[in-house]
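Written out below as structure tokens is the structure these notes cover.
Readers should treat all values here as calculations from the given coordinates under stated rules, not as data from a laboratory. All of these numbers come straight from a predicted model, not from anything done at the bench. Cβ coordinates were reconstructed from backbone atoms using ideal geometry, including for glycine residues, and neighbour counts include every protein chain displayed.
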Amino acid sequence: MTRFLIVEDHPLFREALESAVCVANPEAEILQATSIDGALDVLGSTHAVDLILLDLSMPGTTGLSGVIRVRKAFPKTPVVIVSGFEDKEIIRSVLSLGVSGYIPKSTSKRELADSIREVLHGSIYLPKRFRDVARTKRTKAGNLDLLKRLHDLTPQQLRVLDMVRRGLQNKQIAYELKICETTVKVHVSEILRKLNVLSRTNAIIEISKIDFVSLASEAPAKHNVLDHAQA
């Protein structure tokens with residue numbers, strides 16, 4: 001039996017994805033999570049998952065940090081991004097992390113189902129209008145280098161970095177992660193070393209470069225993309 005994990009916090013779109021999976025594979029077993037932490041818990045406590053459908057814009061994550069955490073923890077499990085963002089630079093960055101596809105949330109249910117089938121057969125899926133992204137090398141060298149440096153961070157260091165980005169101090173991070181403050185300081189030092197920066201402020205500036213170019217503006221309205229997804 002093919003096993004899918006849908007990682008999506010919006011219940012209506014989660015339902016739309018589930019419907020598309022059922023069209024693609026009526027016998028599928030479908031697992032669900034509403035956060036990256038929840039997804040990692042599911043992946044760690046079940047048999048192998050054949051495909052993860054992951055929303056980039058999830059609570060508690062910023063930019064590509066959620067994808068990186070999932071890819072580092074379960075590198076052999078195919079991941080397809082399902083996102084409301086349709087920026088080519090974002091797609092280039094995501095593809096560089098080794099995902100198996102990028103599906104805009106404006107995609108119809110039929111095309112969603114077709115794309116899922118393609119990925120299960122070993123293809124990397126992109127909509128036709130974005131396929132030039134896979135053929136070009138135009139991603140900024142600095143961004144690719146930063147992605148590689150981020151990939152060197154451990155899952156715990158990625159959590160700490162995300163909390164640093166949100167402005168949490170060491171004491172608050174220690175409380176959230178249930179670790180001692182000294183351990184947080186060690187993580188922060190390692191993060192600065194791996195990112196090749198001198199301060200927390202520099203680390204925040206660096207990660208802001210790889211977070212969505214359009215993150216400052218609102219994501220496309222959920223109800224608009226749902227109309228297409230449920231078509």
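Observations, loosely collected:
- The share of Cα pairs per 10 Å bin across segment 62-202, counted from zero up to the longest distance, runs 11, 35, 30, 18, 7, 0 percent.
- For segment 92-206, lysine pairs with C-alpha atoms less than 18 angstrom apart, excluding pairs fewer than eight positions apart on the same chain, total 8.
- Sequentially through segment 84-90, phi angles give Karplus couplings (6.51, -1.76, 1.60; θ = phi - 60°) of x, 8, 10, 8, 5, 5, 5 Hz, Gly and Pro residues having no value and appearing as x.
- Within segment 14-80, trypsin sites (Lys or Arg not before Pro) in DSSP loop having at most 10 other beta-carbon neighbours inside 10 Å: LYS76
- Å³ per residue enclosed by the Cα convex hull of segment 1-117: 90
- Gyration tensor over the Cα atoms of segment 141-210: the corresponding equivalent ellipsoid has semi-axes (square roots of 5 times the eigenvalues, largest first) of 21, 11, 10 Å.
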